[in-house]
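Undergrad: Have a look at this one before I ask anything.
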Amino acid sequence: MTTNALESATRLIKEATDIVVFTGAGVSAESGISTFRDPATGALWSKFDPEKLVTMNGFDENPRLVWEWHDMLHEKVTVAEPNQAHKWIAELEKHADVTVVTQNVDDLHERAGSTKVVHLHGDLRARCTICSWREPKVTAWQARDLSLLPWCPECNAPARPNSTWFGELLPERAVIQAKEALGWCDLCLIVGTSAQVYPAAEMPMAVVKRGMPVISVNTRAEDHFFKSSVNLTGKAGEVLAGITLETS
Ligand code: OAD
(Lines give C-alpha, C1' and ligand atoms only; values in the text may rest on other atoms or scores of the structure.)
Protein backbone atom coordinates (compact mmCIF):
# COMPACT_ATOMS: atom_id res chain seq x y z
CA MET A 1 0.00 0.00 0.00
CA THR A 2 1.50 3.36 -0.97
CA THR A 3 1.49 6.44 1.24
CA ASN A 4 -0.29 8.19 -1.62
CA ALA A 5 -3.13 5.69 -1.57
CA LEU A 6 -3.52 6.06 2.20
CA GLU A 7 -3.50 9.86 1.90
CA SER A 8 -6.06 9.80 -0.93
CA ALA A 9 -8.32 7.47 1.02
CA THR A 10 -8.06 9.62 4.15
CA ARG A 11 -8.95 12.74 2.17
CA LEU A 12 -11.93 11.06 0.47
CA ILE A 13 -13.25 9.77 3.80
CA LYS A 14 -12.87 13.15 5.49
CA GLU A 15 -14.69 14.90 2.65
CA ALA A 16 -17.60 12.45 2.54
CA THR A 17 -20.83 13.04 4.40
CA ASP A 18 -22.76 9.84 3.51
CA ILE A 19 -20.71 6.67 3.45
CA VAL A 20 -21.65 3.08 2.66
CA VAL A 21 -19.24 0.55 4.11
CA PHE A 22 -19.76 -2.61 2.09
CA THR A 23 -18.25 -5.62 3.85
CA GLY A 24 -17.57 -9.30 3.35
CA ALA A 25 -16.01 -12.16 5.29
CA GLY A 26 -12.56 -10.50 5.25
CA VAL A 27 -13.69 -7.83 7.72
CA SER A 28 -14.26 -10.56 10.32
CA ALA A 29 -11.14 -12.59 9.51
CA GLU A 30 -9.06 -10.81 12.17
CA SER A 31 -11.73 -11.85 14.70
CA GLY A 32 -10.93 -15.48 13.89
CA ILE A 33 -13.90 -16.16 11.61
CA SER A 34 -13.06 -18.06 8.46
CA THR A 35 -13.61 -16.58 5.02
CA PHE A 36 -15.19 -18.62 2.24
CA ARG A 37 -12.58 -18.39 -0.51
CA ASP A 38 -9.34 -16.92 0.80
CA PRO A 39 -6.83 -19.75 1.45
CA ALA A 40 -4.98 -17.61 4.02
CA THR A 41 -8.06 -17.28 6.22
CA GLY A 42 -9.90 -20.58 6.21
CA ALA A 43 -11.50 -20.79 2.76
CA LEU A 44 -14.57 -22.70 4.01
CA TRP A 45 -15.70 -23.57 0.50
CA SER A 46 -12.49 -25.49 -0.15
CA LYS A 47 -13.26 -27.73 2.86
CA PHE A 48 -17.04 -27.99 2.82
CA ASP A 49 -19.51 -28.53 0.01
CA PRO A 50 -21.82 -25.48 -0.25
CA GLU A 51 -24.31 -27.59 -2.22
CA LYS A 52 -24.90 -29.71 0.90
CA LEU A 53 -24.82 -26.85 3.44
CA VAL A 54 -26.28 -23.70 1.94
CA THR A 55 -28.93 -24.77 -0.53
CA MET A 56 -32.56 -25.73 0.01
CA ASN A 57 -31.84 -29.09 -1.66
CA GLY A 58 -29.08 -29.74 0.84
CA PHE A 59 -31.45 -28.84 3.70
CA ASP A 60 -34.19 -31.13 2.36
CA GLU A 61 -31.72 -34.00 2.08
CA ASN A 62 -29.99 -33.59 5.43
CA PRO A 63 -31.31 -30.84 7.72
CA ARG A 64 -29.25 -32.14 10.65
CA LEU A 65 -25.99 -31.65 8.74
CA VAL A 66 -27.06 -28.12 7.76
CA TRP A 67 -27.99 -27.21 11.34
CA GLU A 68 -24.79 -28.70 12.77
CA TRP A 69 -22.70 -26.70 10.31
CA HIS A 70 -24.57 -23.45 11.02
CA ASP A 71 -24.24 -24.09 14.75
CA MET A 72 -20.49 -24.54 14.28
CA LEU A 73 -20.42 -21.08 12.63
CA HIS A 74 -22.65 -19.75 15.38
CA GLU A 75 -20.28 -21.04 18.06
CA LYS A 76 -17.35 -19.28 16.37
CA VAL A 77 -19.29 -16.02 16.14
CA THR A 78 -20.42 -16.25 19.77
CA VAL A 79 -16.85 -16.42 21.07
CA ALA A 80 -15.45 -13.90 18.56
CA GLU A 81 -14.94 -10.24 19.39
CA PRO A 82 -15.19 -7.28 17.03
CA ASN A 83 -11.74 -6.40 15.69
CA GLN A 84 -10.05 -3.08 14.88
CA ALA A 85 -11.82 -2.88 11.52
CA HIS A 86 -15.32 -3.28 13.00
CA LYS A 87 -14.45 -0.72 15.68
CA TRP A 88 -13.02 1.79 13.19
CA ILE A 89 -16.16 1.44 11.03
CA ALA A 90 -18.35 2.06 14.10
CA GLU A 91 -16.26 5.15 15.01
CA LEU A 92 -16.76 6.48 11.48
CA GLU A 93 -20.30 7.42 12.54
CA LYS A 94 -18.77 10.35 14.42
CA HIS A 95 -17.68 11.82 11.09
CA ALA A 96 -20.39 10.90 8.59
CA ASP A 97 -23.75 9.27 8.09
CA VAL A 98 -22.76 5.61 7.75
CA THR A 99 -24.68 2.60 6.49
CA VAL A 100 -22.94 -0.74 6.76
CA VAL A 101 -24.08 -3.14 4.05
CA THR A 102 -22.68 -6.54 4.92
CA GLN A 103 -22.73 -9.96 3.34
CA ASN A 104 -21.82 -11.44 6.72
CA VAL A 105 -24.25 -13.32 8.92
CA ASP A 106 -22.27 -12.47 12.08
CA ASP A 107 -23.24 -9.57 14.34
CA LEU A 108 -19.77 -8.14 14.87
CA HIS A 109 -20.59 -4.76 13.27
CA GLU A 110 -23.49 -4.32 15.68
CA ARG A 111 -21.40 -5.44 18.65
CA ALA A 112 -18.69 -2.92 17.66
CA GLY A 113 -21.32 -0.16 17.81
CA SER A 114 -22.46 0.39 14.21
CA THR A 115 -26.08 1.51 14.34
CA LYS A 116 -27.23 1.07 10.72
CA VAL A 117 -26.36 -2.42 9.51
CA VAL A 118 -28.02 -4.09 6.53
CA HIS A 119 -27.54 -7.87 6.28
CA LEU A 120 -27.75 -8.81 2.62
CA HIS A 121 -27.26 -12.52 3.29
CA GLY A 122 -29.36 -12.81 6.43
CA ASP A 123 -28.18 -13.82 9.88
CA LEU A 124 -27.86 -16.77 12.24
CA ARG A 125 -31.42 -16.79 13.61
CA ALA A 126 -33.80 -19.63 12.82
CA ARG A 127 -36.80 -19.06 10.58
CA CYS A 128 -39.72 -21.12 9.40
CA THR A 129 -39.50 -22.89 6.03
CA ILE A 130 -43.23 -22.25 5.48
CA CYS A 131 -44.65 -19.27 7.37
CA SER A 132 -43.16 -15.86 8.18
CA TRP A 133 -41.92 -16.76 11.71
CA ARG A 134 -38.40 -15.68 12.59
CA GLU A 135 -36.61 -16.23 15.87
CA PRO A 136 -36.71 -12.85 17.66
CA LYS A 137 -33.00 -13.11 18.44
CA VAL A 138 -30.29 -15.65 17.79
CA THR A 139 -30.49 -18.58 20.17
CA ALA A 140 -27.15 -19.18 21.80
CA TRP A 141 -25.62 -22.18 20.04
CA GLN A 142 -25.27 -23.99 23.35
CA ALA A 143 -29.03 -23.74 23.85
CA ARG A 144 -29.96 -25.57 20.68
CA ASP A 145 -30.92 -29.17 21.29
CA LEU A 146 -30.02 -30.79 18.01
CA SER A 147 -31.46 -34.14 19.03
CA LEU A 148 -34.70 -32.33 18.13
CA LEU A 149 -34.22 -30.24 15.01
CA PRO A 150 -35.58 -26.68 15.30
CA TRP A 151 -39.30 -26.33 14.56
CA CYS A 152 -41.52 -23.32 13.98
CA PRO A 153 -43.53 -22.53 17.14
CA GLU A 154 -46.30 -20.98 14.99
CA CYS A 155 -47.03 -23.71 12.45
CA ASN A 156 -44.84 -26.68 13.43
CA ALA A 157 -43.01 -26.77 10.10
CA PRO A 158 -39.23 -27.33 10.14
CA ALA A 159 -37.18 -24.20 10.85
CA ARG A 160 -34.04 -23.35 8.89
CA PRO A 161 -31.18 -20.90 9.35
CA ASN A 162 -32.12 -17.34 8.34
CA SER A 163 -29.20 -16.98 5.95
CA THR A 164 -29.52 -16.56 2.21
CA TRP A 165 -28.51 -19.69 0.38
CA PHE A 166 -27.33 -20.24 -3.16
CA GLY A 167 -30.15 -19.95 -5.64
CA GLU A 168 -32.28 -17.81 -3.31
CA LEU A 169 -33.39 -14.20 -3.56
CA LEU A 170 -31.83 -11.76 -1.12
CA PRO A 171 -34.11 -10.48 1.66
CA GLU A 172 -36.31 -7.83 0.04
CA ARG A 173 -36.09 -5.24 2.82
CA ALA A 174 -32.30 -5.51 2.97
CA VAL A 175 -32.03 -5.04 -0.79
CA ILE A 176 -34.22 -1.92 -0.66
CA GLN A 177 -32.19 -0.45 2.21
CA ALA A 178 -28.86 -1.28 0.54
CA LYS A 179 -29.91 0.18 -2.82
CA GLU A 180 -31.19 3.33 -1.16
CA ALA A 181 -27.93 3.84 0.73
CA LEU A 182 -25.80 3.06 -2.33
CA GLY A 183 -27.93 5.35 -4.46
CA TRP A 184 -27.40 8.25 -2.08
CA CYS A 185 -23.90 7.97 -0.59
CA ASP A 186 -20.97 10.12 -1.67
CA LEU A 187 -18.40 7.41 -0.89
CA CYS A 188 -18.34 3.62 -0.78
CA LEU A 189 -15.71 1.79 1.22
CA ILE A 190 -15.51 -1.90 0.28
CA VAL A 191 -13.82 -4.07 2.89
CA GLY A 192 -12.86 -7.74 2.68
CA THR A 193 -14.94 -9.25 -0.07
CA SER A 194 -13.90 -11.27 -3.11
CA ALA A 195 -17.00 -9.87 -4.85
CA GLN A 196 -17.80 -13.20 -6.45
CA VAL A 197 -21.35 -13.70 -5.24
CA TYR A 198 -24.11 -11.95 -7.15
CA PRO A 199 -26.17 -9.87 -6.89
CA ALA A 200 -24.30 -8.45 -3.86
CA ALA A 201 -21.04 -8.22 -5.80
CA GLU A 202 -22.38 -5.76 -8.35
CA MET A 203 -24.21 -3.48 -5.93
CA PRO A 204 -21.31 -1.00 -5.47
CA MET A 205 -21.48 -0.36 -9.25
CA ALA A 206 -24.40 1.96 -8.47
CA VAL A 207 -21.89 4.26 -6.76
CA VAL A 208 -19.42 4.11 -9.64
CA LYS A 209 -22.20 4.90 -12.13
CA ARG A 210 -23.03 8.08 -10.21
CA GLY A 211 -19.37 9.15 -10.45
CA MET A 212 -18.75 8.77 -6.70
CA PRO A 213 -15.49 7.34 -5.36
CA VAL A 214 -15.00 3.78 -4.15
CA ILE A 215 -12.18 2.70 -1.83
CA SER A 216 -11.26 -0.98 -1.67
CA VAL A 217 -9.54 -2.62 1.31
CA ASN A 218 -8.35 -6.19 0.83
CA THR A 219 -5.35 -8.34 1.72
CA ARG A 220 -5.24 -9.70 -1.83
CA ALA A 221 -4.41 -7.14 -4.50
CA GLU A 222 -6.18 -9.30 -7.10
CA ASP A 223 -9.44 -9.11 -5.13
CA HIS A 224 -9.77 -5.32 -5.09
CA PHE A 225 -13.05 -4.06 -6.53
CA PHE A 226 -12.35 -3.69 -10.25
CA LYS A 227 -13.74 -0.15 -10.45
CA SER A 228 -12.32 1.30 -7.25
CA SER A 229 -10.73 4.75 -7.13
CA VAL A 230 -8.22 3.84 -4.39
CA ASN A 231 -6.92 0.42 -3.38
CA LEU A 232 -5.57 -0.21 0.11
CA THR A 233 -3.86 -3.59 0.27
CA GLY A 234 -3.51 -5.14 3.70
CA LYS A 235 -5.47 -6.44 6.67
CA ALA A 236 -8.59 -4.36 7.23
CA GLY A 237 -7.89 -3.83 10.94
CA GLU A 238 -4.38 -2.58 10.31
CA VAL A 239 -5.18 -0.55 7.20
CA LEU A 240 -8.20 1.21 8.69
CA ALA A 241 -6.43 1.91 11.97
CA GLY A 242 -3.89 3.81 9.84
CA ILE A 243 -6.59 6.23 8.69
CA THR A 244 -6.85 8.95 11.31
CA LEU A 245 -10.01 10.98 11.14
CA GLU A 246 -9.40 13.32 14.05
CA THR A 247 -8.93 16.89 12.88
CA SER A 248 -6.29 18.74 14.83
P1 OAD B 1 -14.81 -14.48 0.43
O2 OAD B 1 -14.26 -15.56 1.28
O3 OAD B 1 -15.23 -14.83 -0.94
O4 OAD B 1 -13.76 -13.29 0.33
C5 OAD B 1 -13.11 -12.80 1.47
C6 OAD B 1 -12.23 -11.67 1.02
O7 OAD B 1 -11.64 -11.08 2.16
C8 OAD B 1 -11.07 -12.10 0.11
O9 OAD B 1 -11.03 -11.20 -0.99
C10 OAD B 1 -9.83 -11.94 0.97
O11 OAD B 1 -8.69 -11.58 0.22
C12 OAD B 1 -10.26 -10.83 1.90
N13 OAD B 1 -9.60 -10.80 3.22
C14 OAD B 1 -9.21 -11.83 4.00
N15 OAD B 1 -8.73 -11.39 5.17
C16 OAD B 1 -8.81 -10.04 5.14
C17 OAD B 1 -8.47 -9.00 6.06
N18 OAD B 1 -7.96 -9.27 7.28
N19 OAD B 1 -8.67 -7.73 5.66
C20 OAD B 1 -9.18 -7.43 4.43
N21 OAD B 1 -9.51 -8.37 3.53
C22 OAD B 1 -9.35 -9.66 3.87
O23 OAD B 1 -16.01 -13.82 1.26
P24 OAD B 1 -17.20 -12.89 0.73
O25 OAD B 1 -16.75 -12.05 -0.40
O26 OAD B 1 -17.79 -12.25 1.91
O27 OAD B 1 -22.64 -16.20 1.07
O28 OAD B 1 -18.19 -13.99 0.17
C29 OAD B 1 -19.47 -13.62 -0.24
C30 OAD B 1 -20.48 -14.69 0.08
O31 OAD B 1 -19.99 -15.95 -0.34
C32 OAD B 1 -20.73 -14.88 1.55
O33 OAD B 1 -21.65 -13.95 2.09
C34 OAD B 1 -21.31 -16.27 1.59
C35 OAD B 1 -20.38 -16.97 0.63
O36 OAD B 1 -20.93 -18.04 -0.05
C37 OAD B 1 -23.58 -17.02 1.51
O38 OAD B 1 -23.39 -17.84 2.36
C39 OAD B 1 -24.89 -16.79 0.83
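The values are calculated or read from the model by the stated rules, or taken from the named source; none is laboratory data. Computed from a predicted model, the values in this text were never measured in an experiment. Reconstructed Cβ throughout: ideal geometry from the backbone, glycine too, with neighbour counts over all protein chains shown. Note: accessible area is taken over every heavy atom of the protein model, side chains too, but ligands, DNA and RNA are not part of it. Shrake-Rupley method; radii C 1.70, N 1.55, O 1.52, S 1.80 Å.
Undergrad: For region 1-111, what Kirkwood radius comes out of the mean inverse Cα-Cα distance, in Å?
TA: Over region 1-111, the inverse of the mean reciprocal pair distance is 16.0 Å.
Undergrad: Tell me, what ³J(HN,Hα) does each residue in region 53-61 have, in order and in whole Hz, if you take phi through Karplus 6.51 cos²θ - 1.76 cosθ + 1.60 with θ = phi - 60° and put x for Gly and Pro?
TA: Karplus values, whole Hz, x for Gly and Pro: 10, 10, 9, 5, 4, x, 5, 4, 6.
Undergrad: Where does the charge balance sit around Ser216 when Lys and Arg score +1, Asp and Glu -1, over other residues with C-beta under 10 Å from its C-beta?
TA: The answer is 0.
Undergrad: First compute the accessible area of region 1-154 with a 1.4 Å probe, then give the percent of it belonging to carbon and sulfur atoms.
TA: With neighbouring chains kept in place, the figure for region 1-154 is 53 percent.
Undergrad: Under 12 Å from the Cβ of Ala96, count the other residues' Cβ atoms, weight Lys and Arg +1, Asp and Glu -1, and hand me the total.
TA: Charge balance in the 12 Å sphere: -3.
Undergrad: With a cap of 15 neighbouring Cβ atoms within 10 Å, and only residues DSSP puts in a loop, list the GluC sites (Glu not before Pro) found in region 139-248.
TA: Glu154, Glu168, Glu246
Undergrad: So, R0 is 22 Å and r is the distance between the beta-carbons of Trp184 and Thr10; what FRET efficiency does that work out to, to 0.05?
TA: Here the calculated transfer efficiency is 0.45.
Undergrad: As a check on your grasp of the helix formula, calculate [θ] at 222 nm for the chain: sum -39500 (n - 2.57) over DSSP H runs of n ≥ 4, divide by the residue count, round to the nearest 500.
TA: The helix contribution divided over the chain gives -8500 deg cm²/dmol.
Undergrad: Hey, what's the per residue convex hull volume over the C-alpha atoms of the chain, in cubic angstrom?
TA: 119 Å³
Undergrad: Still on this model: Projecting each Cα onto the charge dipole of region 1-51 (Lys/Arg +1, Asp/Glu -1 at the beta carbon, about the Cα centre), which of Leu44, Thr10, Ile33 comes out farthest on the positive side?
TA: The residue sitting most towards the positive pole is Thr10.
Undergrad: Can you check what the net charge comes to around Ser132, using other residues whose Cβ is under 15 Å from the Cβ of Ser132 (Lys, Arg +1; Asp, Glu -1)?
TA: +2
Undergrad: Explain nothing, just compute: Karplus ³J(HN,Hα) = 6.51 cos²θ - 1.76 cosθ + 1.60, θ = phi - 60°, for every residue of region 78-83 in order, whole Hz, x for Gly and Pro.
TA: 4, 8, 6, 10, x, 9
Undergrad: Of Lys87/Lys179; Lys14/Lys137; Lys94/Lys179; Lys52/Lys235; Lys137/Lys235, which sit over 27 Å apart, Cα to Cα?
TA: Cα-Cα > 27 Å for Lys14/Lys137; Lys52/Lys235; Lys137/Lys235; rest within.
Undergrad: Just subtract the alpha-carbon distance of Val208 and Gln196 from 0.36 nm times their residue separation and send over the number in nm, one decimal.
TA: Gain on extension, Val208 to Gln196, equals 2.6 nm.
Undergrad: Give, as ranges by residue number, the residues of region 18-34 whose backbone N falls under 17 Å from the point 7 Å along Cα→Cβ of Glu81.
TA: Within reach of a label on Glu81, which here means backbone N under 17 Å from a point 7 Å along Cα→Cβ, region 18-34 contributes 28-33.
Undergrad: Same structure, new question: Take the eigenvalues of the Cα gyration tensor for region 124-248, scale each by 5, and report the square roots as semi-axes in whole Å, largest first.
TA: One finds semi-axes of 36, 18, 14 Å for region 124-248.
Undergrad: Also: Using a 1.4 Å probe, what is the accessible area per residue for region 166-248, in Å²?
TA: Averaged over the residues of region 166-248, the accessible area is 54 Å².
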